[in-house]
Amino acid sequence: MAQRAAQIAGHLKKQGLLQGQVAIITGAAQGIGAEAARLFAEEGARVVISDIDAKKSQETADGINAAGGAALAVPGDLLSEDYIKELVRRAAEFGNGKIHIIVNNAGFTWDGVIHKITDKQWDTMLNLHAKAPFQLLRAAAPYFRVADGEPRNIVNISSTSGVHGNAGQANYAVAKAGVVGLTKTVAKEWGPKYGVRANTIAFGHILTRLTQAKEKGAFVQGPDGQKIALGIPGMTEAAAGADVYNDVPLRRAGTATEAASAILALASPLSSYITGQTIMVTGGRNM
Ligand SMILES: NC(=O)c1ccc[n+]([C@@H]2O[C@H](COP(=O)([O-])OP(=O)(O)OC[C@H]3O[C@@H](n4cnc5c(N)ncnc54)[C@H](O)[C@@H]3O)[C@@H](O)[C@H]2O)c1
């Protein structure tokens, strides 16, 4: 009985939902993107790891390749269009002339209240969360605007901040709201003739470096090489255990694996009639 159950579990896990497909996942060196890369590879996709962190990108790709998957690290800064063009060129080479999936996931937050936010903070968020996804789609257009009968899919990552707004995040909220419009537009432009699907996922609180305690000292490199601190001030385990999830029906944060599973679900053929949608992956918060 146990053996039969294990057989079924193994069978269910290896459906090969993305067999033969080539995926670019941005921000895939760690966090949600790295989990998506791992899950995509498990389902048979060849995965291109795009991230500004070269060391972690390589480690993620190495881990996938060591486990029998196929991954290529193409590190670089998505704030540079030259890098975006190089990313598409290398991905198409890796995919023998094809790219099937783009997950626009890279990002970070650079918070400030409206009366204090600088133009640099504003532009960086808009450039990274809205302009870079647009530039990546434009560069990859020749691989998506093709009618070869194979699936093509875009998953853009937004946030509850983009859907509902969030005090202290005007720059991030505008950029993440912009992604919703970009998704719907590309769904309408590339859907009719080429069957391209495009969807947005707006995450709530997912446990990654972005949402850990700011006091842990994580940072990301800004556009001028400056260090931008990441995390939420005071988000200690004690605080998390107290009341921060009171407005979440599931009363907890999501894991990176749960977040990435939603990306896989949308990119897979199981979602073949879903396009232009914004899926809230929030544990029910704000419904
Ligand atoms: N964690 C959450 O609660 C949460 C909630 C809502 C939305 N999101 C969004 O989910 C996405 C993934 O975030 P995460 O939580 O996994 O964070 P993360 O920090 O673990 O991963 C983000 C990755 O993006 C990369 N990146 C940042 N700037 C880059 C640049 N200029 N060029 C290339 N790569 C760059 C980072 O190096 C990092 O590896 C982001 O778009 C984020 O805004 C996260």
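General remarks:
- Ranked packing of 163-170, 47-54, most packed first, by mean Cβ within 10 Å: 47-54, 163-170
- Listed peptides 194-200, 182-188, 115-121 by packing density, highest first (mean Cβ within 10 Å): 194-200, 182-188, 115-121
- Summary of the geometry: region 41-90 and region 248-287, compared by the centres of their Cα atoms, lie 23 Å apart.
- For the set Lys120/Lys214; Lys184/Lys214; Lys85/Lys188; Lys116/Lys188, the pairs lying more than 26 angstrom apart at their alpha carbons are Lys184/Lys214; Lys116/Lys188.
- Distance in nm between pseudo-label sites at Leu126 and Ala213 (7 Å out along the Cβ direction from Cα): 3.7 nm
- Put simply, when 57-64, 273-280, 252-259 are sorted by average Cβ atoms within 10 angstrom per residue, most first, you get 57-64, 252-259, 273-280.
- Taking the Cα centre of the chain as origin and assigning +1 to Lys and Arg Cβ atoms and -1 to Asp and Glu Cβ atoms, the resulting dipole is close to 540 debye.
- Percent of beta bridges antiparallel (DSSP, the chain, rounded to nearest 5): 10 percent
- Unit charges on C-beta of K, R, D, E only; dipole of region 109-211, Debye: 120 debye
- Shape call, region 207-287: gyration tensor on alpha carbons, a/c limit 1.5: oblate
- The modelled label-to-label distance for the pair Leu270/Lys188, using points 7 Å beyond Cα in the direction of Cβ, is 3.0 nm.
- Rounded to 5, percent antiparallel among DSSP beta bridges of region 129-287: 20 percent
- Overall, region 41-150 carries a charge dipole of about 240 debye about its Cα centre when +1 sits on the Cβ of Lys and Arg and -1 on the Cβ of Asp and Glu, all other atoms neutral.
- Given charges at Cβ of Lys, Arg, Asp, Glu: the chain dipole, positive-most of Gly27, Thr60, Pro249: Pro249
- Mean residue ellipticity, 222 nm, helices only, the chain: the sum of -39500 (n - 2.57) across DSSP H runs of n ≥ 4, divided by residue count and rounded to 500, is -13000 deg cm²/dmol.
- Each residue of region 91-108 was assigned a 3J(HN,Hα) from its phi angle through the Karplus expression (A = 6.51, B = -1.76, C = 1.60, θ = phi - 60°), giving 5, 5, 5, 4, x, 6, x, 10, 9, 9, 9, 10, 10, 8, 10, 4, x, 7 Hz with x at Gly and Pro.
The numbers here are math on the coordinates, done by the rules we state, and not lab data. Given the structure is predicted, the values throughout are model-derived calculations rather than measurements. Reconstructed Cβ throughout: ideal geometry from the backbone, glycine too, with neighbour counts over all protein chains shown.
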